[in-house]
Structure formats: structure tokens, C-alpha cells
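> Sharing a structure below in C-alpha cells format, with a few things to ask.
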Amino acid sequence: MKYLLPVVLSLLTLSTTSCNEGWNKPDTTAYLLEIPPGFPPPDIAGDNPLTVEGILLGRQLFYDPTLSGDSTQSCAGCHVSAFGFTDSAVTFSTGIRGLPGGRNSMALHNLAWGAVFFWDGRAASLREQSLMPIQDALEMDASLAAVIERLKASDRYQKGFREAFGRNKIDEEHLGMAMEQFMLTIISGNSKFDQVAAGMASFTASEQRGILLFNGEVNPSSPNSGADCFHCHGGVLATNHKLMNNGLDFVLTDLGLGDVTGKASDNGKFKVPSLRNLAFTAPYMHDGRFNTLMGVLNFYNENVRSNSPNIDPSMGKFANGLGLNLQDKMDIIAFLNTLNDPNIGTDTLFQNPYQ
Amino acid sequence: MKASQKFLPLLSLAILLVGCDGLKKGPVDISITFAPVFDGTEVVYEQSLHQSATTNDAFTFVRSDLILTDFSLLDENGEVANEIGGSAAYVHMAGDLSDRNWTLTDQIDPGHYGGIRFYIGPDTSANHGDPSLWPAGHPLNPTVNGLHWGWAGGYIFSALEGTYATSTGTNPFLYHIGFDSNRVRVDILQDIDFRRDRNVTVDFNLANIFDGTHLIEPAITGDFTHSTFDNGLASKVRDNLMGAFSIKDIY
């Protein structure tokens, strides 16, 4: 009898600790992220391994308007696959209250290589990022608590969360983790540029000249002086993932990173976007001020504000203009168009699972 | 069983591994933390202003990123005594302590040494290899360092950026040092006791970029280089970097 109490206590302890996690662990199928040739391996958080079940759940959530306050708008409402997962050619997206947002909808692709998210870098992970628009009054304007209750009331999501994460896992943390898993799978690496890099296609003369200008530094002493785009948009990912001031304005109406850190030296800095899929993602810049790529190039060619606070040193040589003529700009645009991936809008892995 | 009988084996094992004097019997760990300074004064990136001791330039630093490779220990004659082949680090001087750290674990033979050596930039093989082969988190993975040129092939070995102020105004400077010929060896000669795990603070004197083997006045010598068609500016910066490092503290 004297041994009965310790045995009972031991059994209770086991049942509430390790054994509990053991029997609640779902039988998931691991998903191996397909990395395009030439892409460096991404550093993905180990506490949220990709599974078929988790990705499917995340895709369902991404396309589900019940995550918004009035159940009318999903994440996909402002991140449309046909537009490279930006909004449909609008400067600012409109939320459920009919109010416009303050920044242009960002393209979603190759997020597995990103370190921070949003134009101002305020989210350190995709799971963190995915919960913010849901709560933003200018966007989906919902309370997470209300969203969680809706999900719990759904048989589909009861099953989905159970299969992805186990029982009793419908909560904010796992909502973000599911969304993270899905967004990590939106990979874009099948453009003409990629085909050329793999030796399966060739640039036209204009595209070839364009890539030379794109990758040429601004250097009057060099016979290969170019547009210096590669400094911030180089490599297969077409971005350096940094937050920088590229000299758009002398007077800053949007502080960007500075609003997040509170540091004056961060004012005017925004995330350098990837230049992939530009044919689908107009308008351009954090505030969508340029409707065309020619507009972007004209800015860099002759309108960089060298006295913009905290302008990046790499923009220093733009103060005197790049000296690009019309043909130069057309060739650069021709090269940029080789970065467009037709699969981004058609790959069934990214499409609406409810259609 | 008495308490002393329980702990005696453990104590014996500890003494066997470490020794009564705290010295390790096996490989030691070295943790190097780089500290950006300007002639001894701490550099606060994007904030502090530093007056050159030799010119009229006053500098603010925005970025000092380095790829360091092939760490080794030197003997009293300055010859390599213990080489850690394949070692690499990406040092982001403007970052936190962890961004400025190079730790070598269980790779250093314990003993007395005459200095340390490393290179700024990867060797030719790594510089021209496929960067997509480096695993996630490796210092040479382009996503980690953001220093791979892609198109030109190869890495930027050091990215040094900021502004310089003269009597006529403030302008940016940008020195991106790359290409095999600009790989530079750094030797720091100093008697060092590495018979136990050590933390080493290495000062990176940014003043040396402009006033070392060569005097560089950005407005005159050049304030921009990507290591080509620059009238030798990159090679001057490279030479100056050789003398920019010193051991401040070992504990």
C-alpha cells in the first residue's frame, strides 16, 4: 500500500508530460522544399518542419475570408497569385472597412530566403508577419481571439489543425505556423533568366546588353560602366534582403524602418524587394509611386535625391545621374523581363484550394 | 555509500580532463570578438563622428562587413603552428556581439603561441566555386553574408561604407574589395597562452583604412571602388586592412 501513492503519482506525471506529447503527435508527411538550381540553401526554422498537412492547412487559411472581421477578405484578397501575389495593379489595397492601406502590397515569393518581413522589416518571421494583417484596422480588421473561435467551430479546421499539429492546437501560434509553412512553399525560380543560367535558353541581344548594364557598376573610368542595379538586386534572388534608403525623397513622409526602431538613422529605409516577376507586380516602390519600369529607371537615372536622410552610400554615384539613354533603359527592361516566372500565377500548389 | 565516495569518481574525471591548474588536456575553444574602433575610440555605426588624425576628413561609418577565412596560430617565429583549414566567418561589425564573433570549437591544440593569422576573403577555390553549395547558415552562403557578386563571380571580401566630411561638405564613400589579388593575410603577433579555452577581443581600427600603409583621402584618392578601374584604390585599401587588427584583450 505504501508504494501505491508513488506509483499513482508517477503515472499521473507521465501522462501529463512526455507521454501526452507522444500520443498527440500527428502522423504527418514531411515535405521537401524544392530548391531551384543555383539557389543557396535557405535557413528555415527547425521548430516548424514543413509537412504536407501543415502546408495544406496554411493554404486553406491563406485563401479563407473568415480570417477577416466581416468574413469578406482573405490574405489572397491583396496577394493575388496572378499578380505575383501582390494586389491587382493598385497603389494601396483596400481593407474590409473600405479604407486604403499606407503601402503597396508586397509580392510574395522566395520568402524562405528572407530574414525580416514587411516594407519596414517589423516582422522577424513569417508566422509573426501573417498575423499582423489579420488584426490591422486598414486590412482584415479582426481580433485573433474571434478568428480562433471561428476556426474551432469549423469541422474542417478541427481536422486540419489536428492532422497538421495534433489535438488542441487551434491557437494563434499554430495559425501563424500553418501560414508560414504555406508561404515558404511559394518559390519562384523558373524564369527565362533561370533557364539561361541552366544552359537551356539564350538571351536576346537586347537582354544580353541589359544584363551587362544591370551588373555594371557606375564608374566613368570603366568601359563597362552600367546602372549598378546588382548592388542591391544582384544574385539569383534579385535582392540583398536589406533595408535601405534609395533616395526617393528628401522630405520623408514615411519613416519606414525608423518607425519600427525609433532610430533616426533608420528613417527612410525600406526593404529591398526582389526584382523577380515585375511584369505582374506593378506599381513599384513601397508607396507604388511608379506605374512602369521605365518610370523606375528614370528615377534612378536622373532623380535620386542624394540629400535624402540616411541615403545608402551605394547610391552615392547616382547623384550625378547614370547617363543611361533610352536604348539602355529598354535593354535593362528587356533583361528584367527575363526574371518573370510564368508559374507564379498558375502553379496549382499556390492556388485557391476552395476553387 | 558516503557522499565522498559518490563524488570522488566525478572529481577524478574532472581533474583528468582539466587538470588541477585548470588547463585543458584536449583541444581548446577560442572565441574571437571583433570590436570596431577609430584610433581607440568605440565606433557607433551611423552615429559617431571620427576626425582623422592626419587629414581634414571626419568619418561616420555605415557598414563594415568582412569575410574571414583560414584561421591559424603562429609560433614564436611567426610560422604556422596550428592551421584550421576551411574555417570561415562572416563578420558584420555594425551588428551585435554575435555578429562580430568567430568561434573555433575543439580545434585548437593547447599551448603557447606567438600570434594569430587569418585572411580577409576566401581562397581562389572557394571564391570561384558554386556559392549555392554552401549549407544554410554557413558564412559563405550568400544569404548569410550578402557579399557574393553573382555576375562577376566571387565574393566581396570586405564592404566598407560610410560618409566623410570635409570643409566643402559630406559625401559617401564605398569600398568593396574583391577579386583574388585583393585577398589579404592578417598576422597579429603576440605571445598567447592557449592552454585553456579563451575569449579574445580583437580591435578593428577603422582609422587604418585611411591611414595605414597608404594615406587615403577619399576626396583625393577616391571615395568609390568595386575593385576595378579605380587607379589602384582597392589595393591600397587592401594593404591598409592588413594593419587594422590588434589584440586588445585575452581572458
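> Any idea what the dipole of the protein assembly as shown comes to, in debye rounded to 20, about its Cα centre with Lys/Arg Cβ at +1 and Asp/Glu Cβ at -1? If you can, show how the numbers build up before the last one.
On the way: 40 positive and 67 negative charges, 279 e Å.
Its charge dipole is roughly 1340 debye.
> Cross-link partners among lysines for A:LYS192, C-alpha distance below 23 Å, same-chain residues fewer than 8 apart left out?
Cross-link targets: A:LYS329.
> Identify the chymotrypsin sites (Phe, Trp or Tyr not before Pro) of the stretch A:215-306 meeting these criteria: DSSP loop state and at most 15 other C-beta atoms within 10 Å of the C-beta.
A:PHE250
> Can you list the residues, at least 5 places off or on another chain, whose amide H is less than 5 Å from the amide H of A:VAL116, using H built in the peptide plane?
none
> List, in order, the whole-Hz ³J(HN,Hα) value for each residue of the stretch A:87-100 obtained from phi through the Karplus relation with A = 6.51, B = -1.76, C = 1.60 and θ = phi - 60°; use x for Gly and Pro.
Running phi through 6.51 cos²θ - 1.76 cosθ + 1.60 with θ = phi - 60° gives 7, 7, 6, 10, 5, 10, 6, 9, x, 5, 8, x, 9, x Hz.
> Also, I was wondering about something else. Within chain B, which is the longest segment containing none of the GluC sites (Glu not before Pro) that sit in a DSSP loop and have at most 15 other Cβ atoms within 10 Å?
Looking at chain B, B:80-251 is the longest stretch - no exposed GluC sites (Glu not before Pro) with at most 15 other Cβ atoms within 10 Å.
> Let me check I have the definition right: for the stretch B:168-251, take the eigenvalues of the Cα gyration tensor, multiply each by 5, take square roots. What are those semi-axes in whole Å, largest first?
Output for the stretch B:168-251: semi-axes of 30, 15, 10 Å.
> Counting other Cβ atoms within 10 Å, keep those with at most 13, restrict to DSSP loop, and tell me which trypsin sites (Lys or Arg not before Pro) in the stretch B:23-63 are left.
Within the stretch B:23-63, the qualifying trypsin sites (Lys or Arg not before Pro) (loop, at most 13 other Cβ atoms within 10 Å) are B:LYS25.
> Relative contact order, percent, of chain B when contacts are C-alpha pairs under 8 Å separated by at least 6 residues?
It comes to 23 percent, rounded to a whole number.
> Now, a different point. From the phi of every residue in the stretch A:303-311, what ³J(HN,Hα) in whole Hz does the Karplus formula 6.51 cos²θ - 1.76 cosθ + 1.60 yield, where θ is phi - 60° and glycine or proline is x?
Whole-Hz 3J(HN,Hα) from phi for the stretch A:303-311: 10, 5, 8, 5, 9, 5, x, 6, 4.
> Next question, about the same structure. Quick one: net charge around B:SER132, please, counting Lys, Arg +1 and Asp, Glu -1 for every other residue with C-beta under 15 Å from its C-beta.
-4
> Assuming a viscosity of 0.692 mPa s and a temperature of 37 °C, what translational diffusion coefficient in µm² per second does Stokes-Einstein assign to the stretch A:192-241, Rh being the Kirkwood radius over Cα pairs? Present the calculation step by step, with values, prior to reporting the outcome.
On the way: Rh = 11.7 Å.
Once the numbers are plugged in, D ends up at 282 µm²/s.
> Let me ask another. Hey, what number do you get for chain A at 222 nm if only DSSP H runs of n ≥ 4 count, each worth -39500 (n - 2.57), divided across all residues, to the nearest 500? Can you show the working numbers first?
On the way: 13 runs with 121 residues, N = 355.
Rounded to the nearest 500, it is -9500 deg cm²/dmol.
> Rounded, prolate or oblate for chain A? Axes are the square roots of the Cα gyration tensor eigenvalues, ordered a ≥ b ≥ c, and the cut-off for rounded is a/c under 1.5.
Verdict is prolate for chain A.
> Note down the relative contact order for chain A as a percent, whole number, built from C-alpha pairs under 8 angstrom at least six residues apart.
Computed value for chain A: 19 percent relative contact order.
> Could you list B:THR54, B:THR60 so that the one with the fewest beta carbons within 10 Å of its beta carbon is first and the one with the most is last? Intermediate values should be presented prior to the final figure.
Values: B:THR54 10, B:THR60 19.
Lowest to highest Cβ neighbour count: B:THR54, B:THR60.
> Going by amide H atoms built from the backbone, whose H comes under 5 Å of the H on B:GLY121, apart from near neighbours?
Under 5 Å from the amide H of B:GLY121: B:ILE67, B:LEU68, B:THR69.
> I'd like to know which of B:THR228, B:GLY146, B:TYR175 lies farthest towards the positive end of the charge dipole of chain B, counting +1 on Cβ of Lys and Arg and -1 on Cβ of Asp and Glu.
B:GLY146
> Around B:ASP70, under 11 Å between beta carbons, what's the net of Lys plus Arg minus Asp minus Glu among the other residues? Kindly include the intermediate steps, with their values, before the conclusion.
Working: positive: B:ARG117, B:ARG183, B:ARG185; negative: B:GLU83, B:ASP123.
With Lys, Arg at +1 and Asp, Glu at -1, the neighbours total +1.
> I've got another one for you. What's the average, rounded to a whole number, of partner chain beta-carbon atoms within 10 Å of each residue's beta-carbon in B:140-149?
What the average comes to for B:140-149 is 5.
> Taking springs between alpha-carbon atoms closer than 10 angstrom, which of B:ASN145, B:ASN231, B:ASN182 fluctuates most in the Gaussian network model of chain B?
Highest fluctuation of the listed residues: B:ASN231.
> Continuing with the same structure: Under the rule of at least 5 residues apart or a separate chain, name every residue whose amide H is placed under 5 Å from the amide H of B:GLN51.
B:PHE59
> So if I place +1 on the C-beta of Lys and Arg and -1 on the C-beta of Asp and Glu, and nothing else carries charge, what would the dipole magnitude of chain B be about its Cα centre? I want it in debye, nearest 20.
Rounded to the nearest 20 debye, it is 800 debye.
> Further, regarding this structure: Please list, in order along the stretch A:317-325, the HN-Hα scalar couplings obtained from phi with the Karplus expression 6.51 cos²θ - 1.76 cosθ + 1.60 (θ = phi - 60°), rounded to whole Hz, x for Gly and Pro.
Per residue, the Karplus-derived 3J(HN,Hα) values read 7, 7, 4, 8, x, 8, x, 7, 8 Hz.
> Above 43 angstrom, tally the Cα pairs of the protein assembly as shown and express them as a % of all pairs, no decimals.
Across the protein assembly as shown, Cα pairs with separations above 43 Å total 32 percent.
> Which three numbers, in whole Å and largest first, are the semi-axes of the equivalent ellipsoid of the stretch B:51-143 derived from its Cα gyration tensor as √(5λ)?
Equivalent ellipsoid semi-axes, largest first: 26, 22, 13 Å.
> Quick check for me: using +1 on Lys/Arg Cβ and -1 on Asp/Glu Cβ, what's the dipole size of the stretch B:102-251 about its Cα centre, in debye to the nearest 20?
With Lys and Arg at +1 and Asp and Glu at -1, about 60 debye.
> Any idea what Rg and Dmax come out to for the stretch A:134-277 if you just take the C-alpha atoms, in Å?
Using the Cα atoms of the stretch A:134-277, the pair Rg, Dmax is 22.4, 68 Å.
Only the coordinates and a few stated rules stand behind these numbers; no lab work does. Computed from a predicted model, the values in this text were never measured in an experiment. All Cβ positions, glycine included, derive from the backbone under ideal geometry; neighbour counts span all protein chains shown.
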